[in-house]
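Data first, discussion second: the structure below is written as structure tokens.
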Amino acid sequence: MIKIIITGPESTGKSTLTKSLSNYLKEPFVPEFARYFIPTLKESYTASHLVDMARGQLFWHQLYKSNVNKVLLCDTGVEAIDIWFQFRFGSIDPQIRALFIADEECVYLVCKPDIPWEADPLRETPHQRPQIFDSFISLLNQFGKKYYVVEGQHEEDRWRCTLNHLNKILI
């Protein structure tokens, strides 16, 4: 089994790309845990909530493993929560970082912020997407994680780019 995490800054087409890959590969995908967790909170999220979200995302990865044939597709992973924590709270959470480092071997598709921003109640950083993208690349490089960048200003360009990377990953 190959675990592919589709990640990157907010509003870069991660969920759309994950769903398209799921249809193309005929594999289920793991949704973004935070999209289900945050709406259940009665107050604004805190640092400890992000730790819970990291654990929840990994739990879902484990849960969905039994339903895949060859590829586990994940709409984000702990790396996104690690970077989210840094931008929101200005530091690195050791628990989240440890979960990221310990996450099993996987390949990342990092979506570049070269498409227009779309507002969403859970999105917070419309003007920091290039900086956040650089943080993803830096984090993945720092820990020797394998990744490919998905780019293109149109959906069909991004899809072509993704398929090119997918051919390399599945060899």
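Where a number appears in this text, it was derived from the coordinates with a stated rule and is not lab data. It should be emphasised that the depicted structure is a prediction, and the values quoted were computed from it without experimental measurement. Neighbour counts are summed over all protein chains in view; Cβ atoms, including those assigned to glycine, are modelled from backbone coordinates with ideal geometry.
Looking at the chain, do any whole DSSP H helices span at least 18 angstrom along their long axis by alpha carbon and average 0.0 or above on Kyte-Doolittle, and which? Could you put the intermediate results ahead of the total?
Numbers: long enough: 47-65 (28 Å, -0.25); 129-142 (19 Å, 0.04); 155-169 (21 Å, -1.37).
Taking the DSSP H segments of the chain (at least 18 Å long, mean hydropathy at least 0.0), we get 129-142.
For labels at K26 and F59 in the simple 7 Å Cα→Cβ model, what's the distance in nm?
It works out to 3.3 nm between the two label points.
Just to confirm a number: summing +1 for Lys and Arg and -1 for Asp and Glu over residues other than I5 whose beta-carbon lies under 10 angstrom from that of I5, what do you get? Walk me through the numbers before you get to the answer.
Numbers: positive: K3, K14, K145; negative: D75, E79, D103.
Combined, the nearby Lys, Arg, Asp and Glu give 0.
What is the distance in Å between the Cα centroid of the stretch 79-107 and that of the stretch 114-144?
Here the answer is 14 Å between Cα centres.
Assuming R0 = 25 Å, can you tell me the calculated FRET efficiency for the pair H49 and M1, based on Cβ-Cβ distance, to the nearest 0.05?
0.25
Provide the net charge surrounding L139, with neighbours chosen by a C-beta distance below 14 Å and charges set as Lys +1, Arg +1, Asp -1, Glu -1.
Working: positive: R97, K145, K146; negative: E79, D82, D93, D103, D134.
Its environment carries a net charge of -2.
Taking mean projected area of the Cα convex hull in nm² as the quantity of interest, determine which of (1) 9.4; (2) 12.6; (3) 15.2 was computed from the displayed structure.
Step by step, mean projected area of the Cα convex hull in nm² for this structure corresponds to label (1).
Taking the Cβ of E124 as the centre, find all other residues whose Cβ is under 13 Å away and add up their charges (Lys, Arg: +1; Asp, Glu: -1). Could you put the intermediate results ahead of the total?
Working: positive: R88, R123, R129; negative: E10, D120.
Here the charged neighbours net out to +1.
Mean residue ellipticity at 222 nm from the helices of the chain, using -39,500 (n - 2.57) per DSSP H segment of n ≥ 4 over the full residue count, to the nearest 500 deg cm²/dmol?
-15500 deg cm²/dmol
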